[in-house]
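Q: Quick one: structure below, then a few questions.
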Amino acid sequence: MDVQRSKRGGQNRAKGKKAFAEEKQLTMSDQLENVPRNYSGALLGAIGVALACGVISLFWAWNLSGKMASQQQELSETKQRNVQLAADLRETDARLRVTTEELGKSLGLTQKQMDTRAEQLLARERVQEATAKRLETAQKETAQQVTAVATDVSTVKTDVGGVKTDLGKTQNDLAGALAKLTSMQGDLSGHASLIARNHDELEVLKHKGDRNYYEFTLDKNHRKPVGTVSLELKKTDAKKSRFTLNVYADDKKYEKKDRNVNEPLQFYSGNERGLYEIVVNSINNKNQVSGYLSTPKGAPVPPPLGQ
């Protein structure tokens, strides 16, 4: 009895397990049937994109393969041309050697002598090229120097033009200043001359350039060398603007007595007997006068101080 019960219990358990498995299989089938169809559409889209990429890749690979084949063909043709050129060059070299040998034989020259002459010709060509380059450089430098000189000449012309303008103005000013100078009658034989009444007018006379001028200041009873003569003040009268002085020239003494300020005092001196002229411009006080001595342009001049 117990054995039968045990068999029946085992059969029942086996039936229960089978029923549970069938029920579980039915449940999974139901779940699969209930999965949304959206997942299937996304999968199809991904597959389509992958197929498109694959097609593009295949086309690109095919195109690249065609280009590589074309380049390989061109490279092969280039190699063939290079081979042909090398063969032509070897043939040309061989012909040149034959021609050179025949020429050497006809001229009675050895190969060494011909090589030497060829080197000499090449050296001469190099020297000529170097000379041509130096000549070209020298020509460029010369052109630059000529341009610089032309610029300097233009500048000098401009400066000369300015100097001419300034000189013309100076000449006009000098002519105007000379016109303002006073012409006075001298104390010898009615000889008249232009005189300067002050230092500024004396500068105008100096610029005229036809005589030499020596300014002086004399103290009473003091003999003083002026130019190549000597002067000595003897008397002054400031109120009447009169004075008396002695002139020493050529071992002679000339007395100029009771003369007026700005009066030309004239005398002859030198081997050529040139006309000398003394003008006293002012009486500073009763014992001093100031003025200038005028001598001809070719008259002797005093030696420099210290000699």
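FYI, it's all coordinate maths here, none of it is from the lab. Predicted, not measured: the structure shown is a model, and the values here were computed from it. Every residue, glycine among them, receives a Cβ derived from its backbone with ideal geometry; neighbour counts consider all protein chains shown.
Q: Starting from the Cα of Asn221, move 7 Å in the Cα-to-Cβ direction to define the label point; list residues of the stretch 261-289 whose amide nitrogen is under 15 Å from there.
A: 286-288
Q: Modelled label-to-label distance, Gln288 and Ser57, 7 Å Cα→beta-carbon offset: nm?
A: It works out to 12.3 nm between the two label points.
Q: Could I ask something else about it? I'd like the GluC sites (Glu not before Pro) in the stretch 254-306 restricted to DSSP loop residues with at most 16 other Cβ atoms within 10 Å, sorted by number.
A: Values: sites: Glu255, Glu272, Glu277; in loops: Glu272.
Qualifying residues, ordered by number: Glu272.
Q: Which entries in Lys206/Lys235; Lys234/Lys297; Lys208/Lys234; Lys253/Lys297 show an alpha-carbon gap greater than 27 Å? All intermediate terms of the calculation are to be shown ahead of the outcome.
A: Values: Lys206/Lys235 29 Å; Lys234/Lys297 29 Å; Lys208/Lys234 32 Å; Lys253/Lys297 23 Å.
With Cα atoms farther than 27 Å apart: Lys206/Lys235; Lys234/Lys297; Lys208/Lys234.
Q: So if R0 is 41 Å, what FRET efficiency would Ala132 and Ala87 give, r being the distance between their Cβ atoms, rounded to the nearest 0.05? Let's see the in-between values first.
A: Numbers: r = 37 Å, r/R0 = 0.91.
So the FRET efficiency works out to roughly 0.65.
Q: Can you tell me, using C-alpha contacts under 8 Å and at least 6 residues apart, the relative contact order of the stretch 182-296 as a whole percent? Please report the intermediate quantities before stating the final value.
A: Values: 245 pairs, mean separation 30.0, N = 115.
Reported as a whole number, the value is 26 percent.
Q: If we count other beta carbons within 10 Å of each Cβ, what is the order of Leu202, Leu96, Leu188, fewest first? Present the calculation step by step, with values, prior to reporting the outcome.
A: Numbers: Leu202 20, Leu96 10, Leu188 13.
Taking fewest neighbouring Cβ atoms as first place, the list is Leu96, Leu188, Leu202.
Q: Got a sec? How would Phe267, Phe243 order by Cβ neighbour count within 10 Å, fewest to most? All intermediate terms of the calculation are to be shown ahead of the outcome.
A: Numbers: Phe267 18, Phe243 24.
Ranked by crowding around the Cβ, least crowded first: Phe267, Phe243.
Q: Just to be sure I understand the curve: with the Debye formula and one point per C-alpha of the stretch 182-296, what is log10 I(q)/I(0) at q = 0.13, 0.22 Å⁻¹?
A: For the stretch 182-296, the Cα-only Debye profile gives -0.44, -1.36.
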